[in-house]
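Novice: Dumping the structure here so I can ask a few things about it.
Just so you know, all these numbers are worked out from the coordinates, no wet-lab data involved. Quantities reported herein were computed from a predicted structural model and do not represent experimental measurements. Glycine gets a Cβ as well: all are built from the backbone with ideal geometry, and neighbour counts include every protein chain shown.
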Amino acid sequence: MEGLRIGQVARATGVSVRAIRHYDQLGLLMPGRADNHYRTFHAADIDRVKLIQLFLSVGFTLDEIRRWAPCFQEGSSSTTLEHPLDEVRAFYARKIADVEARMRALELLHAKLQRHVRTLGDHAHDVPVHP
């Protein structure tokens, strides 16, 4: 399969070309180079960008993603990690706690929005609609 251009990866992921270049500069992506020196990506890089976006959406920093990225790759095991196992476990425990806190906050917001929608439904004829 021929390599993907950066614009194709951007369209497939909804991430800007600028962000993809930044991820490349940080070492989060490892594109090849074509004869014309353009970056060339593989289909797996689309999944990688989506994973980076997922991590960012739940509070990871780019530095954390860069530092811990090998831990999240398919086929990674405790024998291939660059960090001591206790350090990896502690990092995971902190991130699990962070994600759980975000989930609780989202659940509260979800319930509040549902109550609001029900209230609007009860009074839908009283609510003016603005284009």
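Novice: For region 23-50, which residues satisfy the criterion of being touching a helix residue (DSSP H, G or I) at 6+ places or on another chain (Cβ under 7 Å) and crowded, with 17+ Cβ neighbours inside 10 Å?
Specialist: Passing the criteria: Tyr23, Leu28, Leu29, Pro31, Arg39, Phe41, Asp45, Ile46, Val49.
Novice: Something else about it: Collect the residues in region 1-22 that are surrounded by 14 or more Cβ atoms within 10 Å (Cβ to Cβ), outside any helix (DSSP H, G or I) and out of contact with any Gly (no Cβ under 8 Å at 6 or more places or on another chain), keeping them in residue-number order.
Specialist: Leu4, Arg5, Val15
Novice: Does region 23-52 hold any residues that are without any contact (Cβ under 8 Å) to a residue 24 or more places away in the chain and not in a loop (DSSP other than H, G, I, E, B), and which are they?
Specialist: Asp24, Gln25, Arg33, Ala44, Asp47, Arg48, Leu51 - these are the residues of region 23-52 that are without any contact (Cβ under 8 Å) to a residue 24 or more places away in the chain and not in a loop (DSSP other than H, G, I, E, B).
Novice: Out of all the residues in region 40-47, is one or more of a type in the set (Asp, Glu) and over 15 Å from Lys95 (Cα atoms)?
Specialist: Taking every residue of region 40-47 in turn, at least one turns out to be of a type in the set (Asp, Glu) and over 15 Å from Lys95 (Cα atoms).
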